[in-house]
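Following: one structure in structure tokens, then a few remarks.
The values are calculated or read from the model by the stated rules, or taken from the named source; none is laboratory data. No experiment lies behind these values; they were computed from the predicted model shown. All Cβ positions, glycine included, derive from the backbone under ideal geometry; neighbour counts span all protein chains shown. Keep in mind that these areas ignore ligands, DNA and RNA; they rest on the heavy atoms of the full protein, side chains included. Shrake-Rupley method; radii C 1.70, N 1.55, O 1.52, S 1.80 Å.
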Amino acid sequence: MAFNSYVYVLFLIAAVIIYYCLPKKIRWIELLCVNIIYYLISGLQYSLFFVFSIVTVYIAGRFITLQDQKFDMITQNLTREEQKEKKKAFAKYKKRIVVLTILLNLGILIFRKYFLFVLFNINRVFALLHISIQIPQISFALPLGISFYTLQAVGYLIDVGRGQYKAEKNFAKFVLFMTFFPHIIEGPICRYSQTASSLAEGHEFSKENFLFGIQRIGWGLFKKIVIADRLDILVNHIYANYKEYSGTLIIVVAVAYTTQLYAEFSGCMDIVIGSAQLFGITLPENFEHPFASKSIQEYWRRWHITLGKWFKDYVFYPVSLSAFSKKIARKLKSRYNNYLVKLTSTFIALFVVWTLTGMWHGGSFRYLLYGWYYFFIIAAGLVIEPFVIQIREHFHIQEHSIIYVCFQRSRTFILIVIGLMIFRATTVTQFVNMFSSIFNGLTISVFFDGTMLKLGLDKMDFYLLFASVFLMIAVGTLQTRGIKIRQFVANQAIYIRWPIYYALIMSIIVFGAYGKGYTPVAFIYANF
Amino acid sequence: MRNKKETEKREFLIKGLLFLVGMLVCLEFLSLLTYPKDNTKKSGAYNYQAKGIYSEEKKSVDVIAIGASNFWCGYIPMQIWKNEGYTSYNCGTLMQHIWYTYYFLQKIYKTQQPKVVLIDADVFFIEDSTTLQNVNDMIRNTLYWKLPVVEYHDRWKSLSRHDFSGKVHYTFDNEMKGFYYVNYKQPYILKNYMHQRLNNQEVTVLDRIFMSKIIKLCKSHGTKIVLVEAPTESSWNYIRHNAIAAYAKEKKMDFIDANYQNIGIDWNIDSRDGGYHLNYSGAQKFTTFVEDYLKKNTKLTDHRLDSNYSNWNTDLAKFQNEVNPK
């Protein structure tokens, strides 16, 4: 059930009305039923995988908490030394449970995502070696939201294993946490500590939450339907016939795709967070004006925030603090003692994080390249950082001067655009061909000789795109300056406020790239 | 305190309702603005060939043939006129769902009073892969007909001063009477798609709901409904035949299936795309089949000598000139 479908709108309206009609105490049960219905009608055929994840993680979580309780009981009358020993034994046991459950769940994710990829490449190797065996390709779709709910489940289990909180006792409430329908398809990846209690709590109807939720959904739909889906026409046109284009048009399509992905993914998050807000539930933000970033590290703290945080907490820190990383760093330190050696464990952790980030997006070499691209940039950034500081000091460049900040932002934006070229390409070869063709035929004449009007969009589309992207940037800029747009609009008199609401709704209906003459565009991240 | 809360709640509800009313007014206004002011291709009207029915003389069409693409390129109104003098119109469109059929008929009844409606049985099976997609499509189509801005929103790019007047004037004179003429052929290598099978297929709940609405609508206008299936190997089989036959029996409607009976279709020459759709040669055979049914089972009037219908003879001449150019 796509968020931009009529069915979703009706489903959401019905769910919200019923939620507030019921007594506060049982509202969470309604929410649970709604989640189950949502999942069953959206992806019934693969719900078994989801059920498996929920059950295994719940049981493992409960088992760990019970072990903690057992430990407390057993060690009450023991000496400190005995307690230490018992603790070690319990920790080892708990770790085994956690690792086994994680492996089971990640195993499903990896299998579903990489089975075809591995099969395809085995066949390619056979073909290269002139071996006539070809393993038949079995095609199957991914279970709905598997990449997101698996990470959420794994995060929960690790936190329970680390003793950050006790496992949820109530199975129904755990299911509620795992299945909350707005974020099941594209995230954000929620932490149990952030959302579980809010989900289980019956919220009082709040005018503010209701209005702000609707506004946010409207804004998200605007970004998705008016901007992203319109840009999709141009992007698809060039990517499908990329050999016919070069130079400026490749840059145009790369920037267009960057804008499309941002408008679409952040628009989707607006719909998700807005939908949750209608129930009085606050979900974590996933975007924070990523194109205002001055570095790639900052960009990844602002783009797909919950995924970045997940990898940071559950992969980066454990890897950089692991015995293996420390051992290598110690070895290198004993031989060389310089700046780079100090960063050894960081580099190891970064490499693992970016390899996994790339792999998380799917079974393709281009996703691996996408991950390694960011690893390389971030690692290179760390390596040259002292030199950059020296140069800046030498030329007396102020770190916060407008020109320097503009330079940093432009540089970061270019790197992001290149990264997303890898992401959008269907193969690594396509990316290489497209990227190398940039330097072939750089001219501004394409903007004036009618070439732009042969890419699937007409003049009016371009005017509309300029206006709506400008509006999106303006709203983002105001937000970075601390102006809360929704609050600002809500504070206006009714004769100003309502026309703004009407303008937003009507512009989605009139200017949206949907219906006859348009191909429906699925949410990009829904495929992950 | 409680009273204050109650008042606030009531105020919020009233405001909400007012907001929705305002929104409907805006949508109605935009619908008036964007709705094509004619039924020609140039005006931007979708399915303009089928919508040619809007420019026919009021209450002049006796038979409406409505359905999906098999009907669109299978039923020739001008052949019926030439042989029997019955006025009919082909309101077939590509991938027509049953809900579209219902709303289209509703609109047709505003100007026509047909005595017979031939409904393509395919409209029961033009479905997306999931029920969810079907429901979504049903809502979309409902909005298309109730708030045309949803269907014609893209006309914002080509609005003219005339659009602001809101006046609609249908001028499309379609001598094909909605029929989609194709004369090339692509044979279908016969695989006996109508062989007997044991499986069952039911008419879905959504289809039943809309068919009931259609029955009610036609009944209220005294129109006879006939379910018809044109020859096609792609969307038809024995199971579907049985499902519709059972449904027609239940609803006491006639059902004639040109796949079940031998109407002389030669798949080597009568299809334009390997068995999916008929070409002109196949359409002539199918129309003869329907013509026989109408002759035997309805009491339609022969208008050929009626001077009020002289324009049909003019259109017939144009039609013949187009399908058999000299």
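What total accessible surface area, summed over both chains, is buried at the interface between chains A and B, computed with a 1.4 Å probe and given in Å² to the nearest 100?
Counting both chains, the buried surface is close to 2500 Å².
Going down the table (B:213/B:299; B:146/B:251; B:37/B:296), which pairs top 31 Å between alpha carbons?
Those over the limit are B:37/B:296.
Let me have the relative contact order for chain A, percent, based on Cα pairs under 8 Å that are six or more residues apart.
Normalised by residue count, the contact order of chain A is 18 percent.
Go through segment A:423-528 and name the trypsin sites (Lys or Arg not before Pro) that are in a DSSP coil and have 14 or fewer other Cβ atoms within 10 Å of their Cβ.
When the trypsin sites (Lys or Arg not before Pro) of segment A:423-528 are filtered for loop state and at most 14 Cβ neighbours within 10 Å, A:481, A:484, A:516 remain.
Based solely on its DSSP helices, what 222 nm [θ] is calculated for the protein assembly as shown when runs of n ≥ 4 H residues each add -39,500 (n - 2.57) and the sum is averaged over all residues, nearest 500 deg cm²/dmol?
It lands at -19500 deg cm²/dmol.
Please give the contour-minus-distance gain from residue A:48 to residue A:36: 0.36 nm per residue of separation, less the Cα-Cα distance, rounded to one decimal in nm.
Fully extending the segment from residue A:48 to residue A:36 adds 3.1 nm.
Net charge around residue A:293, counting only other residues with Cβ within less than 12 Å of its Cβ (Lys, Arg = +1; Asp, Glu = -1)?
Its environment carries a net charge of +3.
Quantify how strongly other chains surround peptide A:201-207 by giving the mean number of their Cβ atoms within 10 Å of each of its Cβ atoms.
1
With label points built 7 Å along Cα→Cβ from the Cα atoms of residue A:493 and residue B:221, find their separation and express it in nm.
If labels sit at residue A:493 and residue B:221, their model points lie 5.0 nm apart.
Segment B:114-160 to segment A:142-169: how many Å between their Cα centroids?
After rounding, the separation between the Cα centres reads 43 Å.
Which FRET efficiency value, to the nearest 0.05, do you get for residue A:111 and residue B:205 by plugging their Cβ-Cβ distance into 1/(1 + (r/R0)^6) with R0 = 30 Å?
That gives a FRET efficiency of 0.20.
If I take R0 = 41 Å and measure r between the Cβ atoms of residue A:297 and residue A:55 in this structure, what FRET efficiency does the formula 1/(1 + (r/R0)^6) give, to the nearest 0.05?
The pair residue A:297/residue A:55 has a calculated efficiency of 0.60.
If you place +1 on the Cβ of every Lys and Arg, -1 on the Cβ of every Asp and Glu, and leave all else neutral, what size is the dipole of the protein assembly as shown about its Cα centre, to the nearest 20 Debye?
Roughly 2920 debye for the protein assembly as shown.
Pull out a ≥ b ≥ c, the square roots of the eigenvalues of the alpha-carbon gyration tensor of segment B:1-104, then state rounded if a/c is under 1.5, prolate if not and a/b is larger than b/c, and oblate in the remaining case.
prolate
Positive end of the charge dipole of the protein assembly as shown (Lys, Arg +1 and Asp, Glu -1 on Cβ, about the Cα centre): tell me which of B:30, A:284, B:142 has its Cα farthest that way.
About the Cα centre, the residue reaching furthest to the positive side is A:284.
Can you check what the Kirkwood hydrodynamic radius comes to for segment A:6-204, Cα pairs only, in Å to one decimal?
19.4 Å
Considering the options A:390, A:295, A:372, tell which one lies farthest towards the positive end of the dipole of segment A:294-424, charges being +1 on Lys and Arg and -1 on Asp and Glu at the Cβ, about the Cα centre.
With unit charges placed on the Cβ atoms, the residue in question is A:372.
What's the average, rounded to a whole number, of partner chain beta-carbon atoms within 10 Å of each residue's beta-carbon in B:153-161?
Numbers: counts 11, 11, 1, 5, 7, 2, 0, 0, 0.
What the average comes to for B:153-161 is 4.
With respect to the cross-link table entries A:312/A:333; A:95/A:327; A:223/B:107; B:42/B:107, which display a Cα-Cα separation exceeding 30 Å?
With Cα atoms farther than 30 Å apart: A:223/B:107.
Does segment A:294-424 come out rounded, prolate or oblate, given a ≥ b ≥ c as the square roots of the eigenvalues of its C-alpha gyration tensor, rounded meaning a/c under 1.5 and, failing that, prolate meaning a/b above b/c?
oblate
Take every Cα pair under 8 Å in segment A:294-424 that's 6+ residues apart, average their separations, divide by the length, and report that relative contact order as a whole percent.
Normalised by residue count, the contact order of segment A:294-424 is 29 percent.
If each residue of separation counts as 0.36 nm, what is the full-extension length gain between residue B:145 and residue B:254 once their alpha-carbon separation is subtracted?
Gain on stretching residue B:145 to residue B:254: 36.4 nm.
I'd like the FRET efficiency for residue A:395 and residue A:365, computed as 1/(1 + (r/R0)^6) with the beta carbon distance as r and R0 of 30 Å, rounded to 0.05.
After rounding to 0.05, the efficiency reads 0.15.
With labels modelled as points extended 7 Å from the Cα through the Cβ direction, what inter-label distance (nm, one decimal) is found for residue A:78 paired with residue B:19?
Going by the 7 Å Cα→Cβ label model, 6.0 nm.
Return the average number of partner chain Cβ atoms within 10 angstrom of each residue Cβ along peptide B:29-36.
Across the residues of B:29-36, the mean count of other-chain Cβ atoms within 10 Å is 1.
What does the extension gain come out to for residue A:282 and residue A:449, with contour length at 0.36 nm per residue minus their alpha carbon separation? Before the final figure, lay out each step's value.
Working: separation 167, 0.36 × 167 = 60.12 nm, distance 4.94 nm.
Computed gain between residue A:282 and residue A:449 is 55.2 nm.
Averaged per residue, what accessible area in Å² does segment A:265-370 show with a 1.4 Å probe, protein chains only?
On a per-residue basis, 42 Å².
Simple spin-label model, 7 Å along Cα-to-Cβ: residue B:55 to residue B:181 in nm?
1.6 nm
I need to check one value: relative contact order of chain B, counting alpha carbon pairs closer than 8 Å and at least 6 residues apart, in percent.
Worked out over chain B, it gives 24 percent.
Under 17 Å Cα-Cα from residue B:185, which aspartates and glutamates qualify once same-chain neighbours fewer than 8 residues away are excluded?
B:233, B:266, B:270, B:273
Would segment A:147-287 count as rounded, prolate or oblate if I go by the C-alpha gyration tensor, calling it rounded below 1.5 in a/c and otherwise prolate when a/b exceeds b/c, oblate otherwise?
Oblate, because a/c is 1.5 or more while a/b does not exceed b/c.
Can you work out ³J(HN,Hα) from phi for every residue in segment A:190-200, in order, using Karplus 6.51 cos²θ - 1.76 cosθ + 1.60 and θ = phi - 60°, giving whole Hz and x for Gly and Pro?
8, 9, 4, 5, 7, 10, 4, 5, 5, 5, 7
Excluding residue B:48 itself, what net charge comes from residues whose Cβ is under 11 Å from its Cβ, given Lys and Arg +1 and Asp and Glu -1?
Overall, the nearby charge balance is +2.
Mind checking which of A:339, A:408, A:328 is farthest towards the positive end of segment A:294-424's charge dipole, using Cβ charges of +1 (Lys, Arg) and -1 (Asp, Glu) about the Cα centre?
It is A:328, whose Cα lies furthest towards the positive end.
Heavy-atom accessible surface, probe 1.4 Å, ligands and DNA/RNA ignored: which residues of segment A:1-38 lose at least 30 Å² versus the isolated chain?
A:6, A:7
Just flag the GluC sites (Glu not before Pro) in segment B:16-82 sitting in loop per DSSP whose Cβ has no more than 10 other Cβ atoms within 10 Å.
none
Nearest-5 percent of antiparallel DSSP beta bridges in the protein assembly as shown?
Details: 2 of 20 bridges.
In the protein assembly as shown, DSSP labels about 10 percent of beta bridges as antiparallel.
Keeping the other protein chains in place, figure out the carbon and sulfur percent of the accessible area of the protein assembly as shown, with a 1.4 Å probe.
62 percent
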